[in-house]
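Asker: Have a look at this one.
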Amino acid sequence: MATFTALYDSSVLYPAPLRDLLMRLALTDMFRARWTDHIHDEWTRNVLKNRPDLTREKLQRTRDLMDAHVLDCLVTGYEDLIEGIQLPDPDDRHVLAAAVRTGAAVIVTFNLKHFPGDALAPYGIEAQHPDEFVTHLLDLSPGAVCQAAKRQREALKNPPLTAGEFLDALARQQLPETVSRLRESRGENRRRWDNSPCVRCSLGHQRPFMTADVATEWITLWLTWRGATERRRRTTPGRQLVPLSGRCLQRLMFVAYAVGLSMSVA
């Protein structure tokens, strides 16, 4: 359940990798993400200026998808507040005005000097660097953030990136603490499986399998299935119970192990 509102400044929507991550985080329901058409105009104008290979139509489609997928994301009716706001750069007043109108607690921006604390304090708003913002989300729900990052990496097809390459790409978005935390999470996941009970494969090699709790859960599910199948056999003439060998059960449990590994950022 979303507990606070965050307004994205154009500076954090300009870089495509960071924009993609912030959009995926906006879908986690940890917070309510907001922006305005004016903010859209700023980041798309700067992208077109620096990326002549992109077209206005393509960026318009990106804008439309952002607006369609994040509920109530567009802030309106804030224009009358702009004149009464004081900021170092008057051109940034529309951002704070929108944040005030939507009741945002945070403005996510790279331009922290443009939003000094003393100017924002009367409105109960704080400006946060995106690295700080995502790190706070990791404190709030590390699993949700890791899954958002994992889905972003899996969506990259041209070219596809390994987990390490993806984290390196995020580091280039000025997210050092976020990347450090994600690397720690990835390492903890690997250590958890490395320290799990081991079984020997058909070649005699010892390999991590799964925790005892997970194994117990899968065995319970298997026994439940076997019991239901046996009852159906007794009530259905001619129906035979197909025996399930220990090796088949072992393979079934190995699937659970593989699924568990896939839940990490890697």
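Asker: Scanning for something outside any helix (DSSP H, G or I), in the same structural domain as residue 108 (by TED's automatic domain parsing), surrounded by fewer than 13 Cβ atoms within 10 Å (Cβ to Cβ) and not acidic (Asp, Glu), does the range 61-70 turn up at least one residue?
Answerer: no
Asker: Would you check which residues across the range 150-160 are within 18 Å of residue 185 (Cα to Cα) and free of Cβ contacts under 8 Å to residues at least 40 places away in the same chain and list them?
Answerer: Result: 154, single match.
Asker: For the structure I just gave you, tell me whether residue 96 is of a type in the set (A, V, I, L, M, F, W, C) and either under 16 Å from residue 125 (Cβ atoms) or over 20 Å from the mean Cα position of the chain (by Cα) (or both).
Answerer: yes
Asker: Scan the range 76-83 and tell me whether some residue there is out of contact with any strand residue (DSSP E or B) (no Cβ under 9 Å at 6 or more places or on another chain) and closer than 17 Å to residue 23 by Cβ.
Answerer: no
Asker: I've got another one for you. Would you tally the residues in the range 86-96 being assigned to a helix (DSSP H, G or I) and over 23 Å from residue 134 (Cα atoms)?
Answerer: 4
Asker: Right, something else. Would you check if there is a residue in the range 74-85 being outside any helix (DSSP H, G or I), modelled with pLDDT of 95 or more and under 20 Å from residue 3 (Cα atoms)?
Answerer: The answer is yes; a qualifying residue exists.
Asker: Need a quick list: helices (runs of 4 or more DSSP H) entirely within the range 105-167 having at least 2 residues that are of a type in the set (Lys, Arg).
Answerer: Output list reads 142-155.
Matching residues to (1) within 23 Å of the chain's Cα centre (by Cα); (2) among the aliphatic types (A, V, I, L, M); (3) surrounded by fewer than 17 Cβ atoms within 10 Å (Cβ to Cβ):
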position	(1), (2), (3)
2	yes, yes, yes
10	yes, no, no
13	yes, yes, no
76	no, no, yes
90	no, no, yes
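Asker: Every residue in the range 1-16 that is in a helix (DSSP H, G or I) and in contact with a Lys or Arg (Cβ under 8 Å, 6 or more places away or on another chain), please.
Answerer: Across the range 1-16, the qualifying residues are 12, 13.
Asker: Determine if the range 26-43 includes at least one residue that is free of Cβ contacts under 8 Å to residues at least 40 places away in the same chain and closer than 22 Å to residue 146 by Cα.
Answerer: Looking for residues that are free of Cβ contacts under 8 Å to residues at least 40 places away in the same chain and closer than 22 Å to residue 146 by Cα, one finds at least one in the range 26-43, hence yes.
Asker: Go through (1) under 25 Å from residue 174 (Cα atoms); (2) in contact (Cβ under 8 Å) with a residue 12 or more places away in the chain and name the single condition residue 124 misses.
Answerer: Looking at each condition in turn, residue 124 falls short on (1).
Asker: To continue, here is another question. Kindly list the number of the only condition in (1) outside any helix (DSSP H, G or I); (2) within 18 Å of residue 131 (Cα to Cα); (3) acidic (Asp, Glu) that fails for residue 29.
Answerer: Exception for residue 29: condition (2).
Asker: Do we find a residue being in contact (Cβ under 8 Å) with a residue 12 or more places away in the chain and in contact with a Lys or Arg (Cβ under 7 Å, 6 or more places away or on another chain) anywhere in the range 46-53?
Answerer: For the range 46-53, residues in contact (Cβ under 8 Å) with a residue 12 or more places away in the chain and in contact with a Lys or Arg (Cβ under 7 Å, 6 or more places away or on another chain): absent.
Asker: In the range 108-159, how many residues are of a type in the set (Lys, Arg) and under 21 Å from residue 91 (Cβ atoms)?
Answerer: Total satisfying the criteria: 1.
Asker: With respect to residue 67, determine if the residue is at positive phi and not small (Gly, Ala, Ser).
Answerer: no
The values are calculated or read from the model by the stated rules, or taken from the named source; none is laboratory data. As the structure is a computational prediction, the values presented were derived from the model and not from experiment. Every residue, glycine among them, receives a Cβ derived from its backbone with ideal geometry; neighbour counts consider all protein chains shown.
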